[in-house]
């Protein structure tokens, strides 16, 4: 684990309360837990590889059949237990390394469920790019499990909606409703809905359509404007651990429509793989986070909070706002009851300006 922390000070608030103000630029490697999230994994939490693939048009199995959950304990580098709004995520990146694959075309665009339909279906839409993307989402829970009670060696699932395994998993790739309810994306083809992945895997030196190979380094830049991604990361940082779920609809066997043919999907090195441990190929999470008031934007080091909210912060924000800098994107709403309150929406507008003024006035 490596980290650079700048501008750490204590800011006295109210009657002696304090809050840390800091800019944390950190890497977590290896994860403190990971799991190949597959119904027939007999060694959960200790496997050397974890593959992601789909079971296309296979009743009894989730569309996203093989998933991979990675969890990183952030509490040692980023103080947990604060209000989620005290964590302003500037960037997040998950890196996975492919241990083995038969090769498949790199796809860096999301695919609609309509591209999986039979061409005779009136909702069918052709896929204009080869392959299927490698994707990353948050992690949701069911069957009595929560983020606090689930672990990498927990039981896979409960009673399936369709035997042997469809809809059964206790932890699953998900995005989240405004009230925090997880939406399981595992069967989005059967249920016919589209999703915006929180990140799509790219590979340095490979172009879309190039064949992916073993030892390729797959980078998922988390789209902080993807629905619920920013808020989820805030809540996970408050909890002290970030779990992400990698998934793909690359077919477990056959061509991209689920027909017969050679298998073509990635198997990633896990934290338990001795080769990956020796060569630094285990999963890695890079984070850049400002901790403290969103109005504490700068200090002696430009862009690093110093625990003092003053004129420097005000004029620094004005510069960012006028320049259209993403750091000025603080909120999607000024209404505290709106789910977009305190969550960037990738639009820099009056809401961001007045949200900053309110936080500045609060001190």
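The values are calculated or read from the model by the stated rules, or taken from the named source; none is laboratory data. Computed from a predicted structure; not experimentally measured. Please note: Cβ atoms are built from the backbone with ideal geometry, for glycine as well, and neighbour counts cover all protein chains shown.
Overview of results
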| quantity | calculated |
| --- | --- |
| Counted residues, the range 162-193 - those being under 17 Å from residue 62 (Cβ atoms) and part of a loop (DSSP other than H, G, I, E, B) | 11 |
| Any hit, the range 170-179, residues being over 16 Å from the mean Cα position of the chain (by Cα) and within 22 Å of residue 34 (Cα to Cα) | yes |
| Residue list for the range 1-47, filter: closer than 25 Å to residue 287 by Cα, at pLDDT 50 or above and in a loop (DSSP other than H, G, I, E, B) | 29, 30, 31, 32, 45 |
| Criterion violated by residue 237 - all others in (1) part of a loop (DSSP other than H, G, I, E, B); (2) touching a residue at least 40 places away in the same chain (Cβ under 8 Å); (3) within 22 Å of the chain's Cα centre (by Cα); (4) closer than 25 Å to residue 200 by Cα satisfied | (1) |
| Criterion: surrounded by 14 or more Cβ atoms within 10 Å (Cβ to Cβ) and in a strand (DSSP E or B) - qualifying residue of 330, 285 | 285 |
| Pair list, Cβ < 6 Å and 6+ apart or interchain, from the range 215-226 residues that are in the same structural domain as residue 89 (by TED's automatic domain parsing) and surrounded by 17 or more Cβ atoms within 10 Å (Cβ to Cβ) to residues that are part of a loop (DSSP other than H, G, I, E, B) and at pLDDT 95 or above | 218/201; 220/201; 222/198; 223/198; 226/196; 226/198 |
| Evaluation of residue 265 against (1) assigned by TED's automatic domain parsing to the domain that holds residue 211; (2) crowded, with 18+ Cβ neighbours inside 10 Å; (3) assigned to a helix (DSSP H, G or I) (one fails), failing number | (3) |
| Hits in the range 94-124 - residues which are within 22 Å of residue 275 (Cβ to Cβ) and either in contact with a helix residue (DSSP H, G or I) (Cβ under 9 Å, 6 or more places away or on another chain) or not in a strand (DSSP E or B) (or both) | 97, 99, 101, 102, 103 |
| Single match in 352, 286, 312 (criterion: under 25 Å from the mean Cα position of the chain (by Cα), over 30 Å from residue 217 (Cβ atoms) and at pLDDT 95 or above) | 352 |
| Residue among 149, 159 that is more than 30 Å from residue 336 (Cβ to Cβ), more than 22 Å from the chain's Cα centre (by Cα) and part of a loop (DSSP other than H, G, I, E, B) | 159 |
| Matching residues, the range 65-85, being in contact with a strand residue (DSSP E or B) (Cβ under 8 Å, 6 or more places away or on another chain) and either part of a loop (DSSP other than H, G, I, E, B) or modelled with pLDDT under 95 (or both) | 74, 75, 77, 78, 79, 82 |
| Counted residues, the range 109-129 - those being within 14 Å of residue 190 (Cβ to Cβ) and surrounded by 13 or more Cβ atoms within 10 Å (Cβ to Cβ) | 4 |
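Per-residue answers, yes or no, for (1) modelled with pLDDT under 95; (2) at negative phi:
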| residue | (1), (2) |
| --- | --- |
| 151 | no, yes |
| 154 | no, yes |
| 167 | no, no |
| 180 | yes, no |
| 202 | no, yes |
| 223 | no, yes |
